[in-house]
Every structure is written in C-alpha cells, then in structure tokens.
Amino acid sequence: MKMIAHLCRILCLLFLLSLLAACNNSPSINTTTITQPTATITTKEPTQQPLSAKQLLEKSQQAMKDIHSVHFTLDAKHQISNNQTTPTASLLQTLLPMPGTSNYNMWSQGQGDETDGTISQITLQEKSDGKLFQAHSGATFSLNQRIQGDSVYILGGLYNHEKWYVIDKKILQQTPSTQVYAVAGIAQVRSLLDLALQKGQISDKGKENISDRLLRHIKVSFTGEGLAALQDLDVENKSSRQEYNNAQTTAGSTDFWIDEDTGYVYQLSNLITTTLSNGIPIQQTLKFKCQNFNQSIRIDIPVNAIPASDLSQIYPPARG
C-alpha cells in the first residue's frame with residue numbers, strides 16, 4: 001500500500017515537471033506597440049490673384065493718404081497751335097512741341113517735398129511765350145513756396161529785395177488768376193486718384209519698367225462731369241485757361257504708374273485736349289514723379305514773414 005502511494009507521488013511529480021518543460025519550450029511573444037505614421041497634410045496656398053485695376057487704384061488711394069513724407073518733381077506744359085489743319089485726335093499721341101506755323105507755349109518745371117501731411121515746399125520755374133499769356137509773357141517766373149497748415153509762405157517782392165510773405169491758403173484758392181500752386185503737389189495726386197475712382201473709365205495697360213522699377217500702368221479716361229472736374233484739378237494751367245473764352249474740352253485722361261506691393265504712385269501723367277471756337281487746338285500736359293517715400297525730409301518754415309492779404313502785396317506790379 002505504501003508502495004502504491006509512493007509510486008503515485010512520483011507520477012504526479014513527473015507530470016508537473018513535464019508541464020513546466022512544455023511551458024518553457026513554448027515560443028516567447030514580444031508585444032510591440034505599432035504607431036501609425038501621422039500623415040503630413042500639405043496645404044497648398046491658393047494662388048493670389050493680382051488686383052484688378054480698380055482695386056489697385058483703391059489701394060493706391062489709401063497708400064498715398066498714409067505716406068509720411070515724399071519728394072516729387074513736376075512738369076507742366078501748355079500749348080496752343082495756330083495750325084487749324086492739325087487733326088485734334090492726333091494731339092492725344094503728341095508731346096510738345098505741337099506742329100503748327102505759330103505756337104504759344106508755357107512750361108512749368110519744379111520740385112517739392114511734403115511731410116506729415118500739413119507741411120510742404122515747392123520751387124519751380126515758369127516760362128511763357130506769346131501774347132495770350134499776359135501775366136509773365138516772354139519772361140521766366142520763379143516760385144519759392146512753403147506751406148504749413150493753412151499758411152502759405154511765398155518769397156516775393158522786387159528782384160533785388162526779396163522777402164518772405166505769409167498769406168492764407170483760402171485767399172489764394174479764391175484768386176482767379178493766381179500763379180501760385182498752393183494746392184499743387186501730392187494733394188493734387190491724391191485728388192486725381194479720388195476723381196479716377198469716382199468718375200473715370202478705368203483700363204489696365206499691364207506692367208511697364210519705369211526707371212528700373214516694374215510698375216502697373218493704369219489709364220483713366222474722363223467724359224462729362226469727370227472731364228470738367230479733371231480740368232478744374234489742373235492747377236498748373238488754371239490762369240492760362242482764363243485767357244480764352246468759348247473753348248470746348250474734347251478729351252481728358254490720367255495715367256498712373258503704381259507699385260503693386262506698396263500702392264505708391266511713382267509716376268502720373270495728365271492730358272487735356274481743348275479746342276477753341278475757331279478750331280485752334282490746345283494741349284495741356286502735367287506729369288508728376290514721386291520718390292523717397294517715408295524718408296527723412298527737412299522743411300524750413302520762414303520766421304518773421306510779412307503778413308499779406310492779396311497777391312499784389314507779394315508780387316508788386318512792375319513800374320514803367
């Protein structure tokens with residue numbers, strides 16, 4: 001009996017040992033955490049469409065209002081041709097001198113600066129020939145002007161005794177025959193942008209290289225009220241227009257050359273064609289070039305300027 005019990009214990013022990021051997025011989029399993037790679041999603045930036053001609057004018061309108069300072073040059077020409085056989089339409093493609101047997105011309109060329117929107121300076125030379133321009137006919141007129149707010153400082157007086165005078169801007173604006181450009185310069189560029197958006201017919205002329213800068217050329221044509229407003233903005237030819245009556249303005253346009261990134265106007269060209277009642281054509285051109293945007297500019301305002309209430313105090317009539 002004891003033998004049987006001992007044999008059973010041995011059999012149980014052998015069974016347990018066989019089970020342990022089986023467990024040790026089973027293949028091992030390594031648990032591996034597989035991380036799925038995160039898909040890289042490339043978002044393609046949408047191709048930015050270029051601004052339309054009108055949108056670029058709107059951008060330029062704001063940009064030119066926001067500039068802190070700028071330098072500009074001005075070139076204005078006015079010509080009347082006595083050749084009645086010259087087709088008026090050809091004047092739109094013609095720069096001075098115009099063809100004709102007898103021409104009357106006026107040129108204004110100068111430069112100026114503006115800073116902080118309320119202070120500016122301009123110097124220019126004006127040359128006129130012909131009996132139609134009595135104010136400075138056959139002579140050169142020089143202008144040296146500063147503006148601070150509503151006060152306009154002008155270097156006037158006699159040739160050898162020039163002095164600085166100060167006059168209210170409103171007085172100059174109400175003077176019909178003024179030769180002084182109290183509202184010219186960048187204010188005029190801004191006004192032409194406003195008019196282009198309000199009353200102009202806008203067309204895109206593409207990109208052009210102007211002075212090694214790629215600019216967008218936008219042409220704006222005017223008719224009706226827009227054409228009349230364009231003529232009113234042409235300050236440079238204001239006085240000469242009043243030398244003739246019954247003239248009919250037949251065409252007018254303004255070309256802008258604008259930097260697409262900044263909206264700055266680097267060049268502007270204005271053209272007005274008028275025909276007198278006797279068929280004689282008149283061409284007025286006005287060109288601005290702008291540069292040195294938002295750079296440091298110094299403008300000296302004259303001290304102890306003499307107050308004036310009329311232009312005749314600043315430019316006394318020559319004595320015979």
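Observations on the structure shown:
- Take the Cβ atoms of residue 207 and residue 142, set R0 to 30 Å, and the FRET efficiency comes out at 0.20.
- Between residue 118 and residue 255, the modelled label-to-label distance comes to 3.8 nm, taking each label 7 Å out from Cα in the direction of the beta carbon.
- The heavy atoms of residue 266 present about 40 square angstrom of accessible area, all protein chains included, probe 1.4 Å.
- Label positions at residue 65 and residue 310, each projected 7 Å from the Cα along the C-beta direction, are separated by 3.9 nm.
- Around residue 155: net Lys/Arg minus Asp/Glu count, Cβ-Cβ under 13 Å: 0
- Using the Cβ of residue 204 as centre and a radius below 13 Å, the other residues enclosed give a net charge of +2, where K and R count +1 and D and E count -1.
The values are calculated or read from the model by the stated rules, or taken from the named source; none is laboratory data. Everything quoted here is computed from the prediction, not taken from an experiment. Backbone-built Cβ (ideal geometry, glycine too); neighbour counts: all protein chains shown. Areas reflect the complete protein model, heavy atoms only, side chains present, ligands, DNA and RNA absent. Shrake-Rupley method; radii C 1.70, N 1.55, O 1.52, S 1.80 Å.
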